[in-house]
Every structure is written in structure tokens, then in C-alpha cells.
Amino acid sequence: GTSDTITMNDHEKDLEKLKTHRRHLHQIPEIDRDLPETKAYLLSFLEQLDCELTFLCGSGICAWFDRGAADTFAFRSDMDGLPVTEANTCDYVSTHPGKMHACGHDGHMAMLLSFSEYIDTVKELDHNVLLIFQPAEETLGGAEEICKSGIFTKYNVSQVFGIHLWPFLPKGVISSRPGAFMPKSAEINVDINGKAAHGTAPYEGLDALYITADYVKRTYADHANMFGAIHRFKDGVGDLTYAPCDIPEERTLIHFGKMESGYARNIVSDYSHLLGTVRAYDEDHFQKIIGILTKNLEEIEKEYHCTTGFSHSDGYPPVINDKVLYDEIRPVLESLEGGYEEMPLPLMISEDFSFYGQYAPAVFFVLGTGTGIPLHSTSFDFEEDLLLSGFALYKALLTR
């Protein structure tokens with residue numbers, strides 16, 4: 001009778017929980033490792049469950065569910081927000097000025113927190129479970145610090161999974177691929193020093209702006225000759241010629257996004273500073289790219305008698321999905337209600353989930369928001385019912 005129409009089914013209950021968690025967390029974004037309110041919210045639920053809690057990396061929480069098994073499956077969510085001012089006007093908007101969950105970490109935590117409550121009810125498993133709530137994904141070093149803590153060895157983690165929201169897939173669709181999934185990325189800094197002079201007598205100085213333009217052009221041209229270089233322009237635009245490449249994992253990127261040079265319109269520039277990024281799916285390709293950047297600097301130093309400087313960040317390693325583990329879980333992926341699409345090309349964003357893959361076989365997934373609103377945008381948002389797809393994936397991986 002009538003009671004059936006009033007009580008919520010499991011699906012609706014799950015969605016209510018996911019929504020509540022996500023909206024609460026969305027209102028309290030915090031940055032880097034200092035996430036006291038986020039940690040307190042997660043703990044208010046985790047402390048009620050039958051699990052062993054470990055605190056790492058500032059505000060990080062690891063929750064271990066002991067099922068008396070030899071090995072442990074791990075699942076990870078990042079926790080930190082971004083230093084951007086939210087433009088949304090929804091009723092769960094950020095209450096922390098200048099901070100926002102603009103990358104979906106509120107959704108990632110909501111899925112893992114709901115999952116923790118589900119695991120607590122599943123007492124019969126042939127493996128233990130470790131949930132990792134990780135700070136400092138947007139800044140640096142969160143995943144690496146957790147890996148180096150020895151927790152993977154302590155709990156004998158045999159495989160690790162994670163999900164990231166992705167705006168450029170249909171809503172609720174999950175996607176991944178075996179092998180290379182996200183590149184190693186690093187920030188690059190280039191300095192070129194010349195000598196100032198009046199613009200009416202440029203020969204009395206040494207024009208750092210001119211030299212830098214030459215350097216950028218040479219570097220892009222050399223990179224274009226490298227098998228797998230990502231094209232700078234649409235076909236038929238510009239004078240760069242590219243080596244053909246049909247192997248997605250061979251793709252590489254050098255990109256200069258910002259240049260500062262000179263002081264005034266009528267003075268020869270005596271310095272230039274270039275900021276850029278590089279991406280590659282393996283260490284060899286990465287080193288080749290760094291080689292191009294440094295070789296060209298040495299050449300222009302000799303030719304123009306200028307001085308230069310170069311540095312790059314260590315960056316994250318590439319995210320490489322373990323092929324054996326991927327094949328093992330393929331039946332789970334193909335039976336997902338929300339849909340699964342294998343990604344033909346690896347993505348070009350990087351993620352510190354890559355560190356976990358150096359400690360145990362790992363597979364990382366993306367979950368479509370269907371909005372096309374880019375990550376890190378001040379108007380980033382999504383419809384919460386898509387979180388059910390990620391929650392369903394976690395449950396299917398747990399009990400497969």
C-alpha cells in the first residue's frame with residue numbers, strides 16, 4: 001500500500017547520502033594539507049564505523065576495514081580545494097572566501113564516504129579494504145607522502161583504484177584505458193639575459209626579446225620533428241612540419257604560456273622570462289624534451305653571447321593503468337549500468353594518483369559530468385546523481 005510510496009528505495013537513499021555529503025563538503029573548501037573542517041566532517045562518519053584510522057599528511061585520513069584476509073584493496077579520494085572565488089549562486093556555494101571545490105574533490109569524497117558506510121555492512125570479503133582521503137593533490141606531494149609513510153606495506157595493499165570527475169564525457173559514464181592514461185608533467189622556467197640600450201641604437205645592446213623569440217621558434221620546430229609531438233596549430237596553419245604518429249602513448253607536449261620581457265617600448269630588452277609546461281607518458285620521452293630545451297639554450301648562448309638559465313619541477317610521474325589488473329576488472333566495467341567507454345587516447349592532464357601505481361597495481365578512472373564546464377573553472381558544478389555511477393563502480397570492484 002501507501003507506505004511503499006513514502007519509503008525511499010536504496011537507490012534514492014544512496015543519492016540522498018551522496019548529495020548531503022557533497023553539498024556539505026562543497027561549502028567548506030580548504031587548501032593544501034590544512035583541511036580541519038573537511039577532516040572533521042569525514043571523521044564524524046568514519047568514527048562510527050568498524051575501521052582502524054590512521055592520520056597522515058596533515059589532514060589525511062586512512063580507514064582500514066579488516067576482513068581477516070591476506071591482502072588489501074585500496075581506494076583513494078583527494079580532499080583539497082582550490083584558491084579560486086566561486087561564481088556559482090547555488091544554495092550550497094562555498095562559505096570560505098577565495099576558496100572553492102572547483103575540481104570535483106567534494107564529489108570524490110562524497111563517493112568514498114558513502115562507500116565507507118557500505119563497506120561497513122559487508123562483512124564477508126576475501127580481502128581487506130583501505131580508504132585513503134588524501135590532501136595536497138592540487139598543490140604538491142600528498143600522494144607521495146602517503147605512499148612513503150609505509151601504509152601500503154603495513155596493510156599489504158595489492159591493488160588501488162581512484163576516480164576523477166571529467167567534464168568532457170557524457171553524464172554518469174565511466175572511462176579509462178589500459179596502460180598510459182595521464183602524462184608526467186613538469187613546469188619549466190627559462191631566463192635569457194641580454195643588455196639594455198636605447199631602441200634607436202639596438203646594436204649597442206643585446207636584444208633579449210628577439211633572442212627569446214628565436215629560442216621559442218627553434219624549440220617548437222625541434223619538438224615538431226620528434227615522433228608524437230602535439231601540433232601547435234590546426235593543419236595548414238604556420239610553418240611547423242610534424243613527424244606522423246599514430247601511437248597515442250608517444251604523444252609529447254612542450255608549451256610556453258607566458259613571457260615577460262623588457263621595460264619600455266623604446267628600450268632594448270635586457271631580460272626575458274618564459275614559463276611553460278612539458279608532458280610525456282614515459283621518462284625517456286620526458287628526458288628527450290628536456291634535452292631539446294637545454295640544447296637550444298646552449299646554442300643561443302654561443303650564437304648571441306648572452307647568458308641563460310633553465311629549471312624544471314620534478315612533476316608527477318605518469319598515470320599508468322596496470323594492464324593485468326585492468327583486464328581482470330574488465331567484466332565489471334562492461335556491466336556498469338551507467339555505461340563504460342574505453343578511452344582511445346590517454347588524457348593530457350596529470351594527477352598525483354600516479355604515485356600509488358608505483359607501490360601497487362593501480363587503475364584510475366574518470367567519471368563524466370556531461371557539462372563541458374572545465375575543471376578549475378569558477379563555475380564548476382555537476383548534477384549529483386552522476387555520483388551514483390562512481391559509487392556503483394566502487395561497490396562492483398569491492399565484491400567482484
Exercise for review: Kindly indicate which of ASP235, ASP222, ASP270 is out of contact with any Asp or Glu (no Cβ under 9 Å at 6 or more places or on another chain) and more than 20 Å from SER185 (Cβ to Cβ).
Suggested key: ASP235
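Can you tell which of VAL324, VAL366 is open to solvent by less than 50 Å² (accessible area, probe 1.4 Å) and among the hydrophobic types (A, V, I, L, M, F, W, C)? Working first, answer last.
On the way: VAL324 fails: open to solvent by less than 50 Å² (accessible area, probe 1.4 Å).
Of the residues listed, the single one that is open to solvent by less than 50 Å² (accessible area, probe 1.4 Å) and among the hydrophobic types (A, V, I, L, M, F, W, C) is VAL366.
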Check your understanding: Which fully enclosed strands (runs of 3 or more DSSP E) of the stretch 277-367 have 2 or more residues being closer than 24 Å to TRP166 by Cα?
Key -> 319-321, 340-342
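Mind checking which strands (runs of 3 or more DSSP E) fall wholly inside the stretch 171-269 and carry at least 1 residues that are open to solvent by 50 Å² or more (accessible area, probe 1.4 Å) and within 30 Å of GLY372 (Cα to Cα)?
Values: elements: 174-176, 179-182, 184-193, 252-261.
Answer list for the stretch 171-269: 184-193, 252-261.
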Review point. In the stretch 49-68, which residue that is assigned to a loop (DSSP other than H, G, I, E, B) and among the small types (Gly, Ala, Ser) is surrounded by the most Cβ atoms within 10 Å (Cβ to Cβ)?
Key: SER59
**Study point:** Only one of LEU113, LEU82, LEU130 that is under 18 Å from the mean Cα position of the chain (by Cα) and within 24 Å of LEU367 (Cα to Cα)
**Key:** LEU82
Revision key, fill the gap. HIS305 passes all but one of the listed conditions (1) over 21 Å from LEU393 (Cβ atoms); (2) surrounded by 14 or more Cβ atoms within 10 Å (Cβ to Cβ); the exception is number (2)
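Quick one: is ILE300 within 27 Å of the chain's Cα centre (by Cα) and touching a residue at least 40 places away in the same chain (Cβ under 8 Å)? Give the derivation first.
On the way: within 27 Å of the chain's Cα centre (by Cα): no; touching a residue at least 40 places away in the same chain (Cβ under 8 Å): yes.
Judged against the criteria, ILE300 is not a match.
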Practice item. Determine, yes or no, whether SER94 is touching a residue at least 24 places away in the same chain (Cβ under 8 Å) and either open to solvent by 30 Å² or more (accessible area, probe 1.4 Å) or in contact with a strand residue (DSSP E or B) (Cβ under 7 Å, 6 or more places away or on another chain) (or both). Key: yes
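Give the residue, chosen from PRO374, PRO344, PRO317, that is within 22 Å of the chain's Cα centre (by Cα), over 30 Å from PRO202 (Cβ atoms) and buried (at least 16 other Cβ atoms within 10 Å of the Cβ). If you could, list the steps in order and put the result at the bottom.
On the way: PRO374 fails: buried (at least 16 other Cβ atoms within 10 Å of the Cβ); PRO344 fails: buried (at least 16 other Cβ atoms within 10 Å of the Cβ).
After ruling out the rest, the residue left standing is PRO317.
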**Study point:** Subset of the stretch 176-232 [over 30 Å from LEU336 (Cβ atoms), charged (D, E, K, R) and within 34 Å of the chain's Cα centre (by Cα)]
**Key:** GLU187, ASP191, ASP214, LYS217, ARG218, ASP222, ARG232
Exercise for review: Confirm whether VAL160 is out of contact with any Cys (no Cβ under 7 Å at 6 or more places or on another chain), of a type outside the set (Phe, Trp, Tyr), in contact (Cβ under 8 Å) with a residue 60 or more places away in the chain and under 26 Å from VAL324 (Cβ atoms).
Suggested key: yes
Check your understanding: Given the stretch 83-169, what helices (runs of 4 or more DSSP H) lie entirely inside it while holding 3 or more residues that are hydroxyl-bearing (Ser, Thr, Tyr)?
Key -> 105-119
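The values are calculated or read from the model by the stated rules, or taken from the named source; none is laboratory data. These numbers were taken from a predicted model, which means no experiment stands behind them. We place every Cβ from the backbone using ideal geometry, glycine too, and count neighbours over all the protein chains shown. For the accessible areas, the whole protein counts, side chains as well, though only heavy atoms, and no ligand, DNA or RNA atoms are used. Shrake-Rupley method; radii C 1.70, N 1.55, O 1.52, S 1.80 Å.
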